[in-house]
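As structure tokens, the structure follows; a few thoughts come after it.
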Amino acid sequence: MSTPSFSLVNNANGEKLDLPAVGGTLGPVGLDVGKVYDKLDVFTYDPGFSSTCSTKSAITYIDGDQGVLLYRGYPVAQLAEHCSFIEVAYLILNGELPNAAQLQAFDQSIRKHTMINESLKGFFGGFRYDAHPMAMLTGVVGSLSAFYHDTTNNKDPRHREIFAHRMIAKIPTIAAAAYKRYFGQPFMYPQNHLDYCSNLLHMMFAVPAEPYHVDPIAAKALDVLFILHADHEQNASTSTVRMAGSTGTNPYAAIASGIAALWGPAHGGANEAVLKMLEEIGDVKHVPAFMQKVKDKVDGVRLMGFGHRVYKNFDPRATIIREQCHKVLKHLGKENDPQLELAMKLEEIALSDDYFKARKLYPNVDFYSGIIYKALGIPVNMFTPMFAIARTVGWVAHWIEMVSDPTMRIARPRQVYTGAGERSVTALDKR
Ligand code: CMC
């Protein structure tokens, strides 16, 4: 197939600029507009980045029309069926699935780094008792940049690797500590004989006063959810990590910026917003009135957990999670959960409604994940921290990919200025 060729023409004077195509392995090519300002004295304008690639990347591929999501070339459904989250984390970080020895070494390294510095635990006490766990997560992960001065050379592959393992290992410990702080319970130390998700559940739900046994089905469900959330190419939080990281900042600070971006309800905060919406609707009989409000855009009300910037057909993660949701609720004897019933009713109505069909709005990953989290006993304000734990793998992988690239430049977008023209300052007594 021949490479497409494009040019930009200034219609006023006929000046023409050829735009080189930047090809990848799958999906559309990118047009290199880097010289547009220099040669034609205009900017390209794309708020929200609907048509703009900010980078090349070899980590994750999405085809939004076909509902395809590949990590390093592997379909996410196959990974969810055959692999553990830690195996997928290795794949995302290193580009290939591990063999048994590589997996064991990686798993051991992650298990070894799960503890956090004792002084870091004191940071949680500085937060008000009712601080949102995402606020604590953002602050405490940012504080990690005050530790680990032994590995701050972003250009050293070994330093980057140690950062990656520390970050992935410690984020569940920090999230669990935020949970414990919220409930006023003592922090639980990690138990390194447990796998990643069992350890997280133990740190969240065990108390020192009595034994706690992790439900393997709950741990497995979490593991699958984490695989589905592990990466999603240049989404808002990953782009934030890349942008912060492009300045050469401390990588823990870059991850903290990603956590902050994830918190918003248009992104990772949607799982919490879905549950709040279900609570607000309350009963199946209120669904038609709520749907009318959504369609009339009353006060900007949206059907949370629906729609996606990239997926315009279906979200492949939602398909897997929907199935997982039914399985978990059945296992826990909660298949008649009224909120699940409500969610199914909303889904049924939305999928057959012209408003949603015309705008290609389908359930996304967050529509079901909250229902599973709730069934597992995870409180609503911990839903987004759960997403953050899983997405840490993607953030770290993207940061490493970016800083290892010798052509990396600081990300510095431009703007179309709409403010006042140049004017002179009038003295204070004359204004
Ligand atoms: N409910 C009702 N209408 C919607 C929704 C929704 N959830 N999402 C989009 N629309 C409408 C929107 O009003 C607009 O209508 P019109 O053409 O009449 O102006 C049209 O669909 C296009 O919407 P948009 O806001 O331009 O689309 P976007 O690509 O900028 O936004 C989105 C994508 C995910 C932010 C948006 O669909 C949304 O707010 N969804 C609800 C929040 C949510 O579930 N977010 C999780 C995303 S998946 C996990 C993740 O990435 O973190």
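D215 versus (1) surrounded by fewer than 20 Cβ atoms within 10 Å (Cβ to Cβ); (2) at pLDDT 95 or above: which is the lone unmet condition?
Every listed condition holds for D215 apart from (2).
Restricting the search to segment 6-50, which residues are exposed (fewer than 13 other Cβ atoms within 10 Å of the Cβ), part of a loop (DSSP other than H, G, I, E, B) and of a type in the set (F, W, Y)?
Y45
Please tell me if D366 is modelled with pLDDT of 90 or more, within 14 Å of the ligand (Cβ to nearest atom) and either of a type in the set (D, E, K, R) or over 27 Å from K220 (Cα atoms) (or both).
no
Identify all residues within segment 64-88 that are of a type in the set (D, E, K, R) and surrounded by fewer than 17 Cβ atoms within 10 Å (Cβ to Cβ); write none if there are none.
Correct list: D65, E81.
Among the residues of segment 101-150 satisfying the criterion of being among the aliphatic types (A, V, I, L, M) and over 23 Å from Q191 (Cβ atoms), which is surrounded by the fewest Cβ atoms within 10 Å (Cβ to Cβ)?
Only one residue tops the list, namely A101.
Kindly list, by first and then second residue, each pair from a residue in segment 172-190 that is in a loop (DSSP other than H, G, I, E, B) to a residue that is β-branched (V, I, T), limited to pairs with Cβ atoms under 8 Å and residues at least 6 apart or on different chains.
Q185/V207; P186/V207; M188/V207; P190/T114; P190/T173
Would you pick out the residues in segment 370-387 that are under 13 Å from the mean Cα position of the chain (by Cα) and within 11 Å of the ligand (Cβ to nearest atom)?
Passing the criteria: T384, F387.
So how many residues does segment 235-264 have that are closer than 30 Å to E323 by Cβ, touching a Ser or Thr at 6+ places or on another chain (Cβ under 7 Å) and assigned to a loop (DSSP other than H, G, I, E, B)?
1
Residues that are touching a residue at least 12 places away in the same chain (Cβ under 8 Å), assigned to a loop (DSSP other than H, G, I, E, B) and of a type in the set (G, A, S): does segment 372-386 have at least one?
For segment 372-386, residues touching a residue at least 12 places away in the same chain (Cβ under 8 Å), assigned to a loop (DSSP other than H, G, I, E, B) and of a type in the set (G, A, S): present.
Looking for something outside any helix (DSSP H, G or I), among the hydroxyl-bearing types (S, T, Y) and touching a residue at least 40 places away in the same chain (Cβ under 8 Å) - is there at least one such residue anywhere in segment 395-404?
Yes; the residues of segment 395-404 include at least one that is outside any helix (DSSP H, G or I), among the hydroxyl-bearing types (S, T, Y) and touching a residue at least 40 places away in the same chain (Cβ under 8 Å).
Condition first: touching a residue at least 40 places away in the same chain (Cβ under 8 Å) and farther than 28 Å from Y61 by Cα. Can you find one or more residues in segment 355-367 that meet it?
Yes.
Filter segment 390-401 for residues that are away from the ligand (no atom under 12 Å from the Cβ) and either modelled with pLDDT under 95 or surrounded by 23 or more Cβ atoms within 10 Å (Cβ to Cβ) (or both) and give the result.
Scanning segment 390-401 gives T392, V393, W395, V396, A397, H398, W399.
State all residues of segment 235-254 that are in contact (Cβ under 8 Å) with a residue 40 or more places away in the chain, more than 16 Å from the ligand (Cβ to nearest atom) and of a type in the set (A, V, I, L, M); if no residue qualifies, say none.
Within segment 235-254, M243, A253, A254 qualify.
Assigned to a loop (DSSP other than H, G, I, E, B), farther than 30 Å from S119 by Cβ and either within 16 Å of the ligand (Cβ to nearest atom) or in contact with a strand residue (DSSP E or B) (Cβ under 7 Å, 6 or more places away or on another chain) (or both): does that describe H232?
yes
Quick check on my filter: what residues within segment 122-155 are part of a loop (DSSP other than H, G, I, E, B) and among the acidic types (D, E)?
Scanning segment 122-155 gives a single hit, D130.
The values are calculated or read from the model by the stated rules, or taken from the named source; none is laboratory data. These figures come from a predicted structure and were not determined experimentally. Please note: Cβ atoms are built from the backbone with ideal geometry, for glycine as well, and neighbour counts cover all protein chains shown.
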